[in-house]
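**Q** Quick one: the structure is below, and I'll ask about it shortly.
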Amino acid sequence: RNYLIKEEESIGKGANAVISFVHNYFRFYGLGETKLVIHADNCAGQNKNNAMIMYLAWRIACGLHTQITYSFMVAGHTKFSPDGFFGLLKLKLRKSEVDNLDDLIEVVETSTTGGKVDIKEAIDSDSQIINIMKKDVKIEGFPWKIVSTGLSPERKWYLYEQVRQNIGNPQK
């Protein structure tokens, strides 16, 4: 699942953002699994911190999972499967004109076949592609909202002066 957020709506790249994305993912795309294994890189600001550990402990305390294993990659060896998907996204992005968030969403959504996996019942059986995404998701409520501070006047001026000239169609 991909999460794209406008810069002015961002709450930053820290633990709060990661926890929000993880919680959203399990709420709307989880399969009811009780045991969970998470592999993360060693980024202290996003993954390897007390807030994330407390969130995972909360999931166990609430009965959302019975067991969570939280593993970190060996320092210097942090290349794993998500990197391949970022590679596919970069290839698609280089060949695309992206002038706004809608253009970026289209690039991300068409860079891979999201939610579809190739499965086999046994090693010698035929494979089939299934969609693992949940359907008919109902939003019932969320934890308290962290409000974005928006763009500072300095950032707005920088974007206007330095970035705007590189946009193929600034009217989008």
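The values are calculated or read from the model by the stated rules, or taken from the named source; none is laboratory data. All values derive from a computational prediction rather than experimental measurement. Glycine also receives a Cβ, built like all others from the backbone with ideal geometry; neighbour counts cover every protein chain displayed.
**Q** Tally time: how many residues in region 61-77 are exposed (fewer than 14 other Cβ atoms within 10 Å of the Cβ), modelled with pLDDT under 90 and either among the β-branched types (V, I, T) or within 16 Å of T34 (Cβ to Cβ) (or both)?
**A** 4
**Q** Taking the conditions exactly as written (touching a helix residue (DSSP H, G or I) at 6+ places or on another chain (Cβ under 7 Å) and either modelled with pLDDT of 80 or more or farther than 23 Å from G12 by Cα (or both)), does V107 satisfy them or not?
**A** Numbers: touching a helix residue (DSSP H, G or I) at 6+ places or on another chain (Cβ under 7 Å): yes; either modelled with pLDDT of 80 or more or farther than 23 Å from G12 by Cα (or both): yes.
Yes, satisfied.
**Q** Separate question: What residue, among those in region 13-42 that are part of a loop (DSSP other than H, G, I, E, B) and touching a Ser or Thr at 6+ places or on another chain (Cβ under 9 Å), is modelled with the highest pLDDT? First the steps, then the outcome.
**A** First pass over region 13-42, keeping only residues part of a loop (DSSP other than H, G, I, E, B): 13-14, 30-34, 41-42.
Now restrict to residues that are touching a Ser or Thr at 6+ places or on another chain (Cβ under 9 Å): 34, 41-42.
Numbers: T34: 91, D41: 77, N42: 75.
Selected residue: T34.
**Q** Tally up the residues in region 1-56 that are among the polar types (S, T, N, Q), over 14 Å from the mean Cα position of the chain (by Cα) and under 27 Å from K116 (Cβ atoms), please.
**A** Total meeting the criteria: 1.
**Q** Could you give every pair whose Cβ atoms fall below 6 Å, whose first residue belongs to region 37-49 and is more than 9 Å from Y70 (Cβ to Cβ), and whose second residue is among the aromatic types (F, W, Y) and surrounded by fewer than 16 Cβ atoms within 10 Å (Cβ to Cβ), counting only separations of at least 6 or pairs across chains?
**A** Close Cβ pairs (under 6 Å, with a partner that is among the aromatic types (F, W, Y) and surrounded by fewer than 16 Cβ atoms within 10 Å (Cβ to Cβ)) amount to N42/F72.
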